[in-house]
Number of protein chains: 4
Amino acid sequence: MLEAIAGANDGHAGSYGADPETERFGELVREEFGQEATGFPMLNGTGANVAAIRAIARPHQAVICASTAHISIDETAAPEAIAGVKLLTVDTPDGRLTPELAATRLADPADLPHVAWPALISVAQATEVGTVYSPDEIRALADFAHDNEMLLHVDGARIANAAAGLGVSLNEASLGSGADVLTLGANKNGAVFGEAVVFADPVHAKGFEVLRKGSLQLASKMRFVSAQLNAQLADGLWREIADHSNSMARLLGNGIEWTEGAELGQPVQANIVFLSMKIEPARRLVESCAPHRPLLFEAGEAGIIRLVCSWDTQPEDVDTLLGLIREAAGHNH
Amino acid sequence: MLEAIAGANDGHAGSYGADPETERFGELVREEFGQEATGFPMLNGTGANVAAIRAIARPHQAVICASTAHISIDETAAPEAIAGVKLLTVDTPDGRLTPELAATRLADPADLPHVAWPALISVAQATEVGTVYSPDEIRALADFAHDNEMLLHVDGARIANAAAGLGVSLNEASLGSGADVLTLGANKNGAVFGEAVVFADPVHAKGFEVLRKGSLQLASKMRFVSAQLNAQLADGLWREIADHSNSMARLLGNGIEWTEGAELGQPVQANIVFLSMKIEPARRLVESCAPHRPLLFEAGEAGIIRLVCSWDTQPEDVDTLLGLIREAAGHNH
Amino acid sequence: MLEAIAGANDGHAGSYGADPETERFGELVREEFGQEATGFPMLNGTGANVAAIRAIARPHQAVICASTAHISIDETAAPEAIAGVKLLTVDTPDGRLTPELAATRLADPADLPHVAWPALISVAQATEVGTVYSPDEIRALADFAHDNEMLLHVDGARIANAAAGLGVSLNEASLGSGADVLTLGANKNGAVFGEAVVFADPVHAKGFEVLRKGSLQLASKMRFVSAQLNAQLADGLWREIADHSNSMARLLGNGIEWTEGAELGQPVQANIVFLSMKIEPARRLVESCAPHRPLLFEAGEAGIIRLVCSWDTQPEDVDTLLGLIREAAGHNH
Amino acid sequence: MLEAIAGANDGHAGSYGADPETERFGELVREEFGQEATGFPMLNGTGANVAAIRAIARPHQAVICASTAHISIDETAAPEAIAGVKLLTVDTPDGRLTPELAATRLADPADLPHVAWPALISVAQATEVGTVYSPDEIRALADFAHDNEMLLHVDGARIANAAAGLGVSLNEASLGSGADVLTLGANKNGAVFGEAVVFADPVHAKGFEVLRKGSLQLASKMRFVSAQLNAQLADGLWREIADHSNSMARLLGNGIEWTEGAELGQPVQANIVFLSMKIEPARRLVESCAPHRPLLFEAGEAGIIRLVCSWDTQPEDVDTLLGLIREAAGHNH
């Protein structure tokens, strides 16, 4: 990534996107997502999600999402305050929406004009708990959305891990299966900064250049963002990195399944592992592996710990972590 | 109310609140809610709630409320789009928040700066399902709010019915028991148009005149709103009207308890009655008493019907309705 | 107006607009503005303007208006904070925009994406300084707007006075001459409360019922607003009232032209008179006729006083006021 | 800058600002701006400005600024749509506000609650036309702001060039002379991405961490932003770079003063040069030096061309440009 940035260091390149790296990004997007697709480099994930929502839903409308969605629990109230939308959240067993679950938040026309009308469904691919949607599942959600006058947004902060885990292309995991707009994550897959928004249909991309600026997401020296996106998209580097993180997560997951007193809270389908333990050992573990910054969710007697593997996680790191888990669970070897 | 409006028809009175009726409203507010209280006539209930929220919470902050709250399900996304807040909803057994329930939506400081920080708790008095908070319960919520750097808002669209049902003053049912800001309902208690916002502490009222204008809620001929508020506040007319609606609701509730195949979904504490029946008779009933515009909530095999008694409901109306309920439930007399 | 309200006092009418008075309003709108027109009763003028803007312009876009526009100087920052738009103001000689003046605020495509793109021109008919646009002038602005991918909004807080002054219909003074959306004023022409928004094209009216609610402008007992609008629209009552105010303004204007030391700041074309005097006598006058609440604008050595005639201004009032003006100007007769 | 980024490449550093580089940035801010000062790395200039405004002004309030201000003409409607404020612009002779000019946009208390109340004055240091405020001038504006219940914001996108041009510290050019909040520019002084917001008083910084996230400006890998800010702040690198750009601008300015047919539109006080020519040669020049991306403002018979010198402008570049200017002006030597 640093090489990509250094390579983009051409002081005489145009600003605000009028540069060869950004042009190249446009081409790579069309190669991956089809000739109609348009990609826009952005500054961060929350900004990319909120701008994508603003492009589709109008203030006073609503967005249906899982109650675990990043846009609901990890973006302060930015979708509400900046996009002006209400988030209609749905509890899910594994972080994944289905048409049936989404249907529970559809507005009853009889309740108009009092209720906020959903204009968008937003799903995370992979989800915040590390599960993924198959292309067919994306397709089913897209069809459901379109049948109900909504569009489908994919928060792809971890789209690389999802696509690698599914063994499909980025496109098949999102727009190519019917979704309308994608937050294309780069940050969680190794980039220093920057993400992108990709629209499947030029109609929805119309005017987005101004909306990006108005959403505080325009990089003046955009080539440094584009260069990183390009490095990930070209030659499948994204898949290489994601495959590595995913395999480290599987390694960790397998180890946990063989550890007494510990079990998986969710199937391991991408680079996130949910470890379920009794609350006491869970607290001990979180303390002992503080440098890994695991997140602990307490649920009565149980503790759920979220562990993320990344491009620089090594098998030794997994071993060390498994050692700590066994120790916390009371099994020293 | 029409008399009150006609009485306010003095074309030479000042506009935007510089008139004797509005001055009188200020006095009546101080009499009822204490010498520190400040009242502001508003145009409608959603506007009063949203402006009250804007006065306390800043965009990107949050408001804790019951998942049945009017601000959550009946005001489109106005609290989100105009006040810029996230609503953190809590499921409740009977529409009423408790400190324990509210505590489930407190932000974990460890999650800062990613989560929206709650600045306000909002409760409806009476709730949207017709239950009421005792002054002690309001006090407990206010204490909990203040202990956690929040304030307490009471959506008093039905404050008259609540206070009458509790046998306490409007003040005891709200600000006098620790709440910080009150939406003082008038519309549902007979007014033609208009509501008010009342602040307990002048600190929170500071600048609200501009915020009211900026929230699209400034009446140019404010005397016509104030006159109606005054008519309700003076001489306890509000209680007289509310007592009537409440007693009609009790009459209806008693009748339902004696009806086989029908039961109460919530205790009758104000002017709203929740009738629970099997889904089939419920649908028949809703059809047969369409002019009463009952709301039907379908819940699997059960149907919950919301029936509201108002200032002009008569005992005969209750009888007729009970007849229809019995008929629907399959018991003709 | 009070009769109209009393006449609408049918407790069993539907709420939120499902009532005969509101249905009748829809018919009267179609009669006046054409079969494609749709009218929505609103609560106040600022709310009507802001909701109309929200219906057309998206947050981050802009609205071109005169620097004297009510939306710019008399609505706090509601258009900005609630509609999310930038107001691009233009100084005008007489409160009236022209295509040439509006063109000075068009965005240069070369400045994209950094500038706010104007989506709407907004003009007041009559203007805030009492001047009017002929139907041809409205047409020219509408053509200019449409040629530049904008729409035209008419803030008709004084549309009745303008149409009466021009001797044309409400429609010819606004939508019939090419404008797309009209704030139909009622308040300044005698109504107790309430205004309306009228769209020429159903495409722009789509979803406005929800947007009205979300803009804090939905009246639960809408029939009381509709009844007043109907009383004004039916049988040309609006013209009768406006003709009266306008002729009182002309009377006042003629008297001023014959008064030494006083002159007209703007031609009298509706019900507003701008009186120009030296600053000292102007201050004396404003003090002496405080009950008329004249507005004084100080401009160096000159004072401009804004005087508004209304439905209840009588010739004797004009005489008294002229006497005070002569006295202030130092000419007692 | 690239070295700084590479140096920050410690994958095990904490995210969202919990890293040594960001800690060091806090120290450098306190060294430069005083022990009470708090600094926050941000993603871009528009985001930094808008978040700073949100921290001070509430939606429905106003900000006084020059009509040439970046926040007014180069940030779409983001201040309006996201901070919810109205910008009260003032025409200035040289891009600089004075207390007298700002006073023309103060609200008249008699116009409350109809007008937007200014809560903030915002000035750019250096201004968008390359002029600077002396510390005394900043002080006068700060005093004026504080006397009128406002605060003072300095948009320091070019603060380095201003301080270098004035021969004072960054602090003296802004917070140290009474301003309350500073957008500390890094991008225009050589950084690859990132800016900062600095508050003089901890009271105004309270809660800004959440507001930054809610303003779409939180960098997950913040160390890469902080490292660049640190590189500029430490050892006075900022002044070295800015001195260079400024001296190149002076060189260019001097050359223009000696060129017949060309003159300076503004005094050269930082790194921006405004060249005034007849419109025809101005157009020729802009065409001939397109790679420099000069901005041309047409004003009747005159053309004003904005030329910016940066860290990598060399004396040879200035010579070449002066040659093109002379050629365009019709004077080849």
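Exactly one residue out of B:G300, B:G330, B:G323, B:G265 is surrounded by fewer than 23 Cβ atoms within 10 Å (Cβ to Cβ), in contact with a strand residue (DSSP E or B) (Cβ under 6 Å, 6 or more places away or on another chain) and modelled with pLDDT under 95, and it is B:G265. Of all the listed residues (B:L307, B:L296), the sole one being in contact with a helix residue (DSSP H, G or I) (Cβ under 9 Å, 6 or more places away or on another chain) and more than 25 Å from B:L166 (Cα to Cα) is B:L296. Apart from one condition, B:R30 fits all of (1) in a loop (DSSP other than H, G, I, E, B); (2) among the charged types (D, E, K, R); (3) away from chain D (no Cβ under 14 Å); the exception is (1). Taken residue by residue, region D:182-194 has at least one member that is touching a Leu at 6+ places or on another chain (Cβ under 9 Å) and within 22 Å of D:L141 (Cβ to Cβ). The set of residues from region D:33-55 being at the interface with another protein chain (Cβ under 7 Å from one of its Cβ atoms) and either over 16 Å from B:P113 (Cβ atoms) or of a type in the set (V, I, T) (or both) comprises D:N44, D:T46, D:V50. Examine region C:228-244 for a residue that is touching a strand residue (DSSP E or B) at 6+ places or on another chain (Cβ under 9 Å), more than 30 Å from B:A78 (Cα to Cα) and outside the structural domain of C:V168 (by TED's automatic domain parsing), and state whether such a residue exists. No - not one qualifying residue is present in region C:228-244. Checked against the criterion of being closer than 19 Å to A:A126 by Cβ and crowded, with 23+ Cβ neighbours inside 10 Å, the candidates A:G17, A:G45, A:G39 yield just one match: A:G45. Being closer than 14 Å to C:E209 by Cα, at pLDDT 95 or above and assigned to a strand (DSSP E or B) narrows it down to one residue among C:G39, C:G47; which is it? Residue meeting the stated conditions: C:G39. Inside region A:184-197, can you point out the residues that are within 11 Å of another protein chain (Cβ to nearest Cβ) and in contact with a Pro (Cβ under 7 Å, 6 or more places away or on another chain)? Answer for region A:184-197, where residues must be within 11 Å of another protein chain (Cβ to nearest Cβ) and in contact with a Pro (Cβ under 7 Å, 6 or more places away or on another chain): just A:G194.
Listed here are the residues, each with its yes/no results for (1) in contact with a strand residue (DSSP E or B) (Cβ under 8 Å, 6 or more places away or on another chain); (2) more than 22 Å from B:G178 (Cβ to Cβ); (3) not assigned by TED's automatic domain parsing to the domain that holds B:G265.
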{"residue": "B:A78", "(1), (2), (3)": "no, yes, yes"}
{"residue": "B:G84", "(1), (2), (3)": "yes, yes, yes"}
{"residue": "B:L88", "(1), (2), (3)": "yes, no, yes"}
{"residue": "B:G95", "(1), (2), (3)": "yes, no, yes"}
{"residue": "B:L106", "(1), (2), (3)": "yes, no, yes"}
{"residue": "B:I121", "(1), (2), (3)": "yes, no, yes"}
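Of all residues in region C:28-50, none that is of a type in the set (F, W, Y) has its Cβ atom under 7 Å from the Cβ atom of a residue that is at pLDDT below 95, 6 or more apart or on another chain. When you check C:T68 against the structure, is it under 16 Å from the mean Cα position of the chain (by Cα) and in a loop (DSSP other than H, G, I, E, B), yes or no? Answer is yes for this residue.
Assess whether D:S215 counts as being of a type in the set (S, T, Y) and over 30 Å from A:A191 (Cβ atoms). Here the answer is no, as D:S215 does not meet what is asked.
Note on region C:209-240: residues that are buried (at least 21 other Cβ atoms within 10 Å of the Cβ) and assigned to a helix (DSSP H, G or I) total 17. Taking region A:71-112 as the range and being assigned to a loop (DSSP other than H, G, I, E, B) and within 8 Å of another protein chain (Cβ to nearest Cβ) as the test, the residues that pass are A:D74, A:T76, A:G84, A:V85, A:L112.
So which of D:A200, D:A249, D:A231, D:A205 is over 16 Å from the mean Cα position of the chain (by Cα) and within 14 Å of chain B (Cβ to nearest Cβ)? Among D:A200, D:A249, D:A231, D:A205, only D:A205 is over 16 Å from the mean Cα position of the chain (by Cα) and within 14 Å of chain B (Cβ to nearest Cβ).
For region C:75-96, which positions are within 19 Å of B:G214 (Cα to Cα) and in contact with an Asp or Glu (Cβ under 8 Å, 6 or more places away or on another chain)? Answer for region C:75-96, where residues must be within 19 Å of B:G214 (Cα to Cα) and in contact with an Asp or Glu (Cβ under 8 Å, 6 or more places away or on another chain): C:A77, C:E80, C:A81, C:G84, C:V85, C:K86, C:L87. In the same structural domain as C:K188 (by TED's automatic domain parsing), over 16 Å from C:A329 (Cα atoms) and without any contact (Cβ under 8 Å) to a residue 12 or more places away in the chain: which single residue out of C:K221, C:K213 fits that description? The conditions single out C:K213. The residue list C:A145, C:A116, C:A126, C:A107 contains one member that is touching a Lys or Arg at 6+ places or on another chain (Cβ under 6 Å) and either free of Cβ contacts under 8 Å to residues at least 40 places away in the same chain or within 27 Å of D:A81 (Cβ to Cβ) (or both), which is C:A116. Summed over region B:172-192, residues that are under 15 Å from the mean Cα position of the chain (by Cα) and within 26 Å of C:V225 (Cβ to Cβ) total 10. Answer with yes or no whether C:V129 is modelled with pLDDT under 95 and away from chain D (no Cβ under 14 Å). For C:V129, the condition - modelled with pLDDT under 95 and away from chain D (no Cβ under 14 Å) - is met.
The set of residues in region C:214-225 being over 13 Å from C:V197 (Cβ atoms) and either of a type in the set (S, T, Y) or within 9 Å of chain A (Cβ to nearest Cβ) (or both) consists of C:G214, C:S220.
The values are calculated or read from the model by the stated rules, or taken from the named source; none is laboratory data. Not measured: the values here are computed from a predicted model. Cβ coordinates were reconstructed from backbone atoms using ideal geometry, including for glycine residues, and neighbour counts include every protein chain displayed.
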